[in-house]
Amino acid sequence: MSVYLHDIPLAEALQRLGEALEAAGLGGILGTEEIQLDVAATGRVLAEAVFARLSSPHYPASAMDGYAVRSEDTAGALPSTPVELKVATDQLRENAHSHVYEENQAYTCYLDTGDPLPDWADAVIPIEQVESLVTAGDGFSPAPDPRQPHIIRLRAAVTPWSHIRPVGEDFVATQFVLPAGQVLRPVDLGALAASGHDRVLVARKPRVAILPTGSELVPLGTAVKPGDILEFNSLVLAAQVEGWGGEATRLAITPDNFNLLCARVREAACTHDLVLINAGSSAGSEDFSARVVSELGKLLVHGVAVRPGHPVILGMLLPERTGCERPVPVIGVPGYPVSAALTGEIFIEGLLARWLGRSPFEPVIVTARLTRKVTSPGGDDDYLRVAVGRVGEQLLAAPLARGSGVISSLVRADGIAILPSGSQGLPAGADLQVRLYRSLAELERTIFAIGSHDIALDLMAMFLSRRRRRLSSANVGSQGGLVALRRGEAHLAGAHLLDPLTGEYNLRYVGEYLPGMAIKLVALVGRQQGLLVRPGNPIGLRSLEDLQKPEISFVNRQRGAGTRVLLDYHLDRLGIKPQSVRGYTREEYTHLAVAAAVQSGRADCGLGIAAAAQALGLDFIPLFQEQYQLVIPTVYYDDPLLAPLRELLYDPTYRQSVAALPGYDVSRMGELVADIQ
């Protein structure tokens, strides 16, 4: 088979892998082992069904602290005509257990919860339902030691077998306890122990070798320089493998050397059940992973029609080429972090489930409404990362960053929506199926914020997490946030839209975008806006007028962003035409993204907040002071969901954390700027 990339449908790729596994005798459990029943057994997978060796309980036992009686001795007991029983002495109690029962004398004896029931007894009376007497006929007196001789008085009869745990109440010997394939939970360990087991047969953990490759990779903890890439994919893959029941081995980084890579893959194959080669995969001549698989075995698949992650390699390492005892499957995992993680979910989890004899993971699937239009490559299954939350009666899915290298998008993702091959995308408002990463209960505690980016919101998310709330924010600009509120797609929007005529913030725009909607406009922060430049200001920038210099490149915010509106207002006041600013049409969606563009040299400067400059070690030229406010529909402002957020605005610790950011003023935080009805 050619080593060149040739995408095939996911179903076909999985079929090829499955057929190769069956042919190699690797279609089921790889092996079993007997382990001690202790805490370490949690998460292991039973290799065979388990049946009770012992009844539980294996004797009739008292279900509570109380007195063992013959139910017939309590007959006729009423509130007005109580029955009195004598608590046996130790000797009489022993005789009672030996079936010796004195004629014409009704005896009882005290039992703790779990004590064996005497042979002569058929019921237990809870201790709180008796009156303890020193001698017969005395009035009620404080209970003596319940094991010492005394009299108890009963004012109600009991029925046979009251408050007794019968033999086999939990399990009867030979009864089915747990099925093969059960992933052992803490309660399962208890059931196994109660049914008489101290050891259990489980599936052997599949051993997975993870081999990161690439001359550009450096270990974690290395001081990086341009061109270096921190190697962390093997960490993510190993954690996935361990979480899915496997045993992961992270191997050392292997540089782009074909012979060395062959040697290390061969060595890994002889001691592991699966080899993951984590490297970039392409159709080029330097595609080492595909070449190695072809050299040491059979290349089954090179390219799967899924995004992100399409350059996946599936193959089988053959013993006649590796010198190992048996065939070993190999997966070439793409180098981009998101592609690598999703490759684990798509291919590795199911393979480990097969080898462990358990069912593959089945996520909770919900239907959610898409908040904005998305496009999709026509020939691929597109794995769309989304944030999910409930706004009003609607469950919404907001698309996150699409880049294969943006692992933060997986951190923020509440789930994955698969856009099938041929769909070419979906319009805003379309329903789609989302495979959840989080519980529904967690999503119900999610506050959706869509609008302008601010670092105070990032801090707010951290503080709200301590108050059992999640803040899920999407950065689409101030005007985009107001549009989201109009569509019912957010609980609140951050905005800092300056009205050039009045100098007020947001009021006019709220009236334009949200007519007829009751709105609370709440102050969050005042903040400085200015020019972000590299350390030392090598271009000598002093004011907006300098942006007209042809040698200076600028990076802007997107249309509808409050910063863009602020810039346009001041450019107009200065008589500067946008087309005279080189880079005016180059857009970023957050202040930190603008700062990153300047830091990396993609632009000489950009307009943003002082905190973003400080975060990335840039210089800051202050120009303007502005107001950043929260636009909250009244129906959500008064909702208990947002109560922790309202409280947080007056929390001294949160205020101090925000005030510590350069250029921030929290003196008006929480103030109701306007109540629009």
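Taking segment 257-281 on its own, how many of its residues are farther than 15 Å from Val333 by Cα and in a loop (DSSP other than H, G, I, E, B)?
Quick first cut of segment 257-281, residues farther than 15 Å from Val333 by Cα only: 257-260, 262-264, 266-273.
Still in the list and also in a loop (DSSP other than H, G, I, E, B): 257, 270-273.
So the count comes out to 5.
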Single residue of segment 192-213 satisfying the filter (hydrophobic (A, V, I, L, M, F, W, C) and surrounded by fewer than 20 Cβ atoms within 10 Å (Cβ to Cβ)) that is farthest from Leu54 (Cα to Cα): Leu201
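Under the condition of being among the small types (Gly, Ala, Ser) and surrounded by fewer than 14 Cβ atoms within 10 Å (Cβ to Cβ), which residue from segment 18-48 is farthest from Gly297 (Cα to Cα)? Working first, answer last.
Just the residues of segment 18-48 that are among the small types (Gly, Ala, Ser), to begin with: 18, 20, 23-25, 27-28, 31, 40-41, 43, 47.
Adding the requirement that they be surrounded by fewer than 14 Cβ atoms within 10 Å (Cβ to Cβ) leaves 23, 25, 27-28, 31, 40.
Working: Ala23: 14, Gly25: 16, Gly27: 18, Gly28: 21, Gly31: 23, Ala40: 37 Å.
Here the residue is Ala40.
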Counted residues, segment 1-50 - those being assigned by TED's automatic domain parsing to the domain that holds Val177 and touching a Ser or Thr at 6+ places or on another chain (Cβ under 6 Å): 1
Qualifying residue in segment 278-285 (condition: of a type in the set (A, V, I, L, M), touching a helix residue (DSSP H, G or I) at 6+ places or on another chain (Cβ under 9 Å), at pLDDT 90 or above and not assigned by TED's automatic domain parsing to the domain that holds Val45): no
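Scan segment 420-442 for residues that are surrounded by fewer than 22 Cβ atoms within 10 Å (Cβ to Cβ) and not in a loop (DSSP other than H, G, I, E, B) and jot them down.
Going through segment 420-442, the residues surrounded by fewer than 22 Cβ atoms within 10 Å (Cβ to Cβ) turn out to be 420-433, 435-442.
Matches in segment 420-442: Gly425, Leu426, Asp431, Leu432, Gln433, Arg435, Leu436, Leu440, Ala441, Glu442.
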Selection within segment 649-668 - of a type outside the set (Gly, Ala, Ser), within 24 Å of Leu497 (Cα to Cα) and touching a Phe, Trp or Tyr at 6+ places or on another chain (Cβ under 8 Å): Val658, Pro662
Residues of segment 151-201 satisfying the condition of being in contact with a Ser or Thr (Cβ under 6 Å, 6 or more places away or on another chain) and free of Cβ contacts under 8 Å to residues at least 12 places away in the same chain: none
Within segment 648-677, considering residues that are in contact (Cβ under 8 Å) with a residue 12 or more places away in the chain, within 15 Å of Met462 (Cβ to Cβ) and not aromatic (Phe, Trp, Tyr), the one surrounded by the most Cβ atoms within 10 Å (Cβ to Cβ): Val658
Segment 524-556, residues that are in contact with a Ser or Thr (Cβ under 9 Å, 6 or more places away or on another chain) and farther than 30 Å from Gly601 by Cβ: Gly526
Qualifying positions in segment 191-242 - of a type in the set (D, E, K, R) and either part of a loop (DSSP other than H, G, I, E, B) or at pLDDT below 95 (or both): Asp198, Arg204, Lys205, Glu216, Lys225, Asp228, Glu231
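Here's the yes/no breakdown for (1) closer than 19 Å to Leu17 by Cβ; (2) buried (at least 24 other Cβ atoms within 10 Å of the Cβ); (3) hydroxyl-bearing (Ser, Thr, Tyr):
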site: Thr249; (1), (2), (3): no, no, yes
site: Asp273; (1), (2), (3): yes, no, no
site: Val292; (1), (2), (3): yes, yes, no
site: Gly309; (1), (2), (3): yes, yes, no
site: Pro319; (1), (2), (3): yes, no, no
site: Val333; (1), (2), (3): yes, yes, no
Top-ranked residue of segment 529-546 - restricted to ones that are aliphatic (A, V, I, L, M) and within 30 Å of Gly670 (Cα to Cα), ranked as surrounded by the most Cβ atoms within 10 Å (Cβ to Cβ): Leu532
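Matching residues to (1) outside any loop (DSSP other than H, G, I, E, B); (2) under 30 Å from Leu649 (Cα atoms); (3) touching a residue at least 40 places away in the same chain (Cβ under 8 Å):
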{"site": "Gly516", "(1), (2), (3)": "no, yes, no"}
{"site": "Leu532", "(1), (2), (3)": "yes, yes, yes"}
{"site": "Gly540", "(1), (2), (3)": "no, no, no"}
{"site": "Gly560", "(1), (2), (3)": "no, yes, yes"}
{"site": "Leu566", "(1), (2), (3)": "yes, yes, yes"}
{"site": "Gly583", "(1), (2), (3)": "no, no, no"}
{"site": "Ala596", "(1), (2), (3)": "yes, yes, no"}
{"site": "Ala613", "(1), (2), (3)": "yes, yes, yes"}
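Yes/no matrix, rows are residues, columns are (1) basic (Lys, Arg); (2) under 30 Å from Ser473 (Cβ atoms); (3) touching a residue at least 40 places away in the same chain (Cβ under 8 Å); (4) in the same structural domain as Pro399 (by TED's automatic domain parsing):
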{"residue": "Lys298", "(1), (2), (3), (4)": "yes, no, yes, no"}
{"residue": "Ala305", "(1), (2), (3), (4)": "no, no, yes, no"}
{"residue": "Met316", "(1), (2), (3), (4)": "no, no, yes, no"}
{"residue": "Arg326", "(1), (2), (3), (4)": "yes, no, yes, no"}
{"residue": "Pro329", "(1), (2), (3), (4)": "no, no, yes, no"}
{"residue": "Val338", "(1), (2), (3), (4)": "no, yes, yes, no"}
{"residue": "Thr343", "(1), (2), (3), (4)": "no, yes, no, no"}
Qualifying residues in segment 16-74 (those that are part of a loop (DSSP other than H, G, I, E, B) and of a type in the set (Lys, Arg)) - the one farthest from Arg185 (Cα to Cα): Arg70
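Here's the yes/no breakdown for (1) modelled with pLDDT under 85; (2) hydroxyl-bearing (Ser, Thr, Tyr); (3) in contact with a strand residue (DSSP E or B) (Cβ under 7 Å, 6 or more places away or on another chain):
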{"site": "Leu370", "(1), (2), (3)": "no, no, yes"}
{"site": "Gly389", "(1), (2), (3)": "no, no, yes"}
{"site": "Leu396", "(1), (2), (3)": "no, no, yes"}
{"site": "Gly403", "(1), (2), (3)": "yes, no, no"}
{"site": "Ser408", "(1), (2), (3)": "yes, yes, no"}
{"site": "Ile416", "(1), (2), (3)": "no, no, yes"}
{"site": "Pro420", "(1), (2), (3)": "no, no, yes"}
{"site": "Gly425", "(1), (2), (3)": "no, no, yes"}
Test: residue in segment 413-431 that is of a type in the set (Ser, Thr, Tyr) and in contact with a helix residue (DSSP H, G or I) (Cβ under 7 Å, 6 or more places away or on another chain): no
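Determine which member of the set Lys520, Lys549 is more than 18 Å from Asn506 (Cα to Cα) and modelled with pLDDT of 90 or more.
Numbers: Lys520 fails: more than 18 Å from Asn506 (Cα to Cα).
Testing whether each residue is more than 18 Å from Asn506 (Cα to Cα) and modelled with pLDDT of 90 or more leaves just Lys549.
Among the candidates Gly526, Gly481, Gly477, Gly451, single out the residue that is surrounded by fewer than 24 Cβ atoms within 10 Å (Cβ to Cβ) and either under 23 Å from Ser408 (Cα atoms) or not assigned by TED's automatic domain parsing to the domain that holds Asp414 (or both). Before you say what the answer is, go through the steps one by one.
Working: Gly481 fails: surrounded by fewer than 24 Cβ atoms within 10 Å (Cβ to Cβ); Gly477 fails: surrounded by fewer than 24 Cβ atoms within 10 Å (Cβ to Cβ); Gly451 fails: surrounded by fewer than 24 Cβ atoms within 10 Å (Cβ to Cβ).
Only one candidate qualifies: Gly526.
State all residues of segment 424-449 that are under 21 Å from Tyr664 (Cα atoms) and among the β-branched types (Val, Ile, Thr); if no residue qualifies, say none. Step through it out loud before you land on a result.
Filtering segment 424-449 for residues under 21 Å from Tyr664 (Cα atoms) gives 449.
Result: no residue meets the conditions.
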Any chance Arg486 is touching a residue at least 24 places away in the same chain (Cβ under 8 Å), surrounded by fewer than 18 Cβ atoms within 10 Å (Cβ to Cβ) and farther than 27 Å from Ala595 by Cα: yes
Residues being closer than 19 Å to Ala417 by Cβ and either polar (S, T, N, Q) or without any contact (Cβ under 8 Å) to a residue 12 or more places away in the chain (or both) - total across segment 361-396: 6
Residues being among the β-branched types (Val, Ile, Thr) and modelled with pLDDT of 95 or more - total across segment 338-364: 1
Residues being buried (at least 23 other Cβ atoms within 10 Å of the Cβ) and in contact with a helix residue (DSSP H, G or I) (Cβ under 7 Å, 6 or more places away or on another chain) - total across segment 499-512: 0
Residues satisfying the stated conditions in segment 456-493, i.e. part of a strand (DSSP E or B), within 17 Å of the chain's Cα centre (by Cα) and not polar (S, T, N, Q): Arg470, Leu471
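The values are calculated or read from the model by the stated rules, or taken from the named source; none is laboratory data. Please read these numbers as outputs of a predicted model, since none were measured by experiment. Cβ coordinates were reconstructed from backbone atoms using ideal geometry, including for glycine residues, and neighbour counts include every protein chain displayed.
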